[in-house]
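Contents: one structure, followed by commentary.
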Amino acid sequence: MGRARDELLGRVTAVVAREGLGDRSLRDVAAQAGTSHRMLLYHFGSRAGLVAAIVARMEADQVRLLRELATGAESPRDLIRALWEELTRPEVLPFVRLFLETVALTSRGPGDDLTAPWVDATTDLAVRWDLEVDPAVTRLGVAVVRGLLVDVLGGGSIPDAAEALERYLASLPGPPLQRSGTNR
């Protein structure tokens, strides 16, 4: 069931990234994804389960992207800039919009900590750069980037949001990740 579920989730995610989720019925989403609502229910249990799966997949994809971008980044600030560039590409913005839409739908009840994977990934990357992570600073950085993405999707310009991101990065007292006392 894992591979079939993953393939179905990929098709559904592409459909709702292109057309939105909103109040669309499972039947409509399923038809657009080339399946039936019963298959969606079989694999995801409910509309809420489908939404949670979309959020989890998108977050995992973004954290994976962060790790890939880190290989070419010379500093944490460079990594944040590279991630911003990726997230604001025109072909990626529909997925950002979908992520924010589905987060809003999942926020009605207790859910997963969507920032914890970013803290974990940052901690892993910090070891490579001989840096120590301040989880609060990581959470703040994630919140700033997400907030600026909301601004862009709400009609703000990407250059204005990028300037705000640069000001945020410049306002940090030191690098977002502090040097540790060890050499690796």
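The values are calculated or read from the model by the stated rules, or taken from the named source; none is laboratory data. Because the structure is predicted, anything quoted here is derived from the model rather than measured. Ideal geometry is used to build each Cβ from the backbone, glycine not excepted, and the neighbour counts take in all protein chains shown. For accessibility, only protein heavy atoms count, side chains too; no ligands or nucleic acids. Shrake-Rupley method; radii C 1.70, N 1.55, O 1.52, S 1.80 Å.
Details
- When residues of the range 12-34 are limited to those that are over 20 Å from the mean Cα position of the chain (by Cα) and of a type outside the set (Gly, Ala, Ser), the one surrounded by the fewest Cβ atoms within 10 Å (Cβ to Cβ): 23
- Unique match (being assigned to a helix (DSSP H, G or I), buried (at least 16 other Cβ atoms within 10 Å of the Cβ) and among the hydrophobic types (A, V, I, L, M, F, W, C)) among 41, 9: 9
- Test result for residue 68, out of contact with any strand residue (DSSP E or B) (no Cβ under 7 Å at 6 or more places or on another chain), within 26 Å of residue 148 (Cα to Cα) and open to solvent by 50 Å² or more (accessible area, probe 1.4 Å): yes
- The criterion of at least 3 residues that are among the β-branched types (Val, Ile, Thr) and at pLDDT below 95 is met by the following helices (runs of 4 or more DSSP H) wholly inside the range 78-184: 93-106, 116-128, 135-153.
- Checking residue 87 against (1) open to solvent by 30 Å² or more (accessible area, probe 1.4 Å); (2) closer than 22 Å to residue 19 by Cα; (3) not charged (D, E, K, R), the condition it does not meet: (1)
- Inside the range 44-65, residues that are under 10 Å from the mean Cα position of the chain (by Cα) and open to solvent by less than 20 Å² (accessible area, probe 1.4 Å) make up a count of 4.
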